[in-house]
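See below for the structure under consideration.
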Amino acid sequence: MSLTSFSGSLHLNHLVLFMLFFLLALVQLIESSPRAYEEALICGNKTASTNDYPAFKQNYISAIDSIVDPLVSTGVVDIVAGNGNSSTVFLFGACMKDLSPGECDSCSSGMLVKIEQCQAIETGTRAGRLYLGGCFIRFDDHKFENEITGPEDLVNCGQQVEPHSSFIGVVDQLLSSLSGEAPGNGGFYLVSKQENGVSAYGLAQCWKYLNIDQCRTCLSDSAIPKAKTCLPKAEATILNAGCYLKYSTQQFYNKASEGFRHSLTGGLLYSSLVFTLAILSRVAAN
């Protein structure tokens, strides 16, 4: 090896280390956000074929790169990268509608870093879902706009039990309100209930690719019954292919007036920087 090539290799290694340390610091900062905590990461077990991998990798990078600005600006993004063949990538991302623009920016930045754990770039993993407390991202090799539920759906019941005798009844009322109001309210609703000294808070959001009837089905026929299986646990989160639902004894959401119904001024540069560094560190490491 020549001195020049050795020096270049050493410089590249230093660059990779810098990127990785910087990303680690960013992840720690992101995770300090109250809504950027991880609910679940679900990676598919299929990878692109040797022939499909180069195009699939490029389509994935293109799709991920395209979500940053529209996601922070509008709270939702739906992208198809490719020409419809086996290397095409379908991607959807959304922030919860109660998030402020800054919170959406922070949460989406966390998604861009954490979804890389599915290794779509390194190995060609063909599908992945990431649920954070305030946002969601999914990529796949097929259209999924009509998927209400799926085999990867999860039910996360909390550890603590609420001993008050009125709690189950309060949560039942809350869940009924969520399933009744969210479908006709743009697929989103948050509500609180108080009775006999017991408080419960709930949020439901259907992903934009579901229509009103599909949203109602996702909540009433799937998410609500699943949530009730967690009672009398003090908290439960339902992660379906088409919708998200959570109840808790603690208020975990923002007021509706602070969300995407008002003007947006997000930090797009922050999300773009996180994404760029994540991709560069992966490429440089290879």
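Quick look at the values:
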{"quantity": "Spherically averaged projected area in nm², based on the convex hull that wraps the Cα atoms of the range 53-161", "calculated": "8.1 nm²"}
{"quantity": "Within the range 141-157, backbone nitrogen closer than 17 Å to the virtual label 7 Å beyond the Cα of Ser62 toward Cβ", "calculated": "141-143"}
{"quantity": "Neighbour-count order for Val77, Val171, fewest beta carbons within 10 angstrom listed first", "calculated": "Val77, Val171"}
{"quantity": "Calculated FRET efficiency for the pair His164/Thr123, C-beta based, R₀ 35 Å, to 0.05", "calculated": "0.10"}
{"quantity": "Residue-span extension gain [Asp69 to Asn83] - 0.36 nm each, minus C-alpha spacing", "calculated": "2.8 nm"}
{"quantity": "Using a Förster distance of 30 Å, the FRET efficiency for Glu145-Thr229 (Cβ separation, nearest 0.05)", "calculated": "0.60"}
{"quantity": "Over 25 Å (Cα to Cα) - which of Lys97/Lys193; Lys114/Lys233; Lys114/Lys226; Lys193/Lys233; Lys46/Lys246; Lys46/Lys228 fall in this group", "calculated": "Lys114/Lys233; Lys114/Lys226; Lys46/Lys246; Lys46/Lys228"}
{"quantity": "Burial ordering of Cys218, Cys118, Cys157, fewest other beta-carbon atoms within 10 Å first", "calculated": "Cys157, Cys118, Cys218"}
{"quantity": "Net charge of neighbours whose Cβ lies under 14 Å from the Cβ of Pro70, counting Lys and Arg as +1 and Asp and Glu as -1", "calculated": "-3"}
{"quantity": "Those trypsin sites (Lys or Arg not before Pro) in the range 46-118 that DSSP places in a loop and that have at most 15 other beta carbons within 10 Å", "calculated": "Lys46"}
{"quantity": "The range 154-254 - convex hull of alpha carbons, volume per residue in Å³", "calculated": "81 Å³"}
{"quantity": "Where only C-alpha atoms are counted, convex hull volume of the range 94-147 per residue in Å³", "calculated": "80 Å³"}
{"quantity": "Sequence-distant residues sharing a close amide H with Ala40 (under 5 Å, placed H)", "calculated": "Tyr131"}
{"quantity": "The range 154-254, dipole about Cα centre (Lys/Arg Cβ +1, Asp/Glu Cβ -1), debye to the nearest 20", "calculated": "180 debye"}
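Here, each number is a calculation from the coordinates, and none is a lab measurement. Because the structure is a prediction, the values reported are computed rather than measured. All Cβ positions, glycine included, derive from the backbone under ideal geometry; neighbour counts span all protein chains shown.
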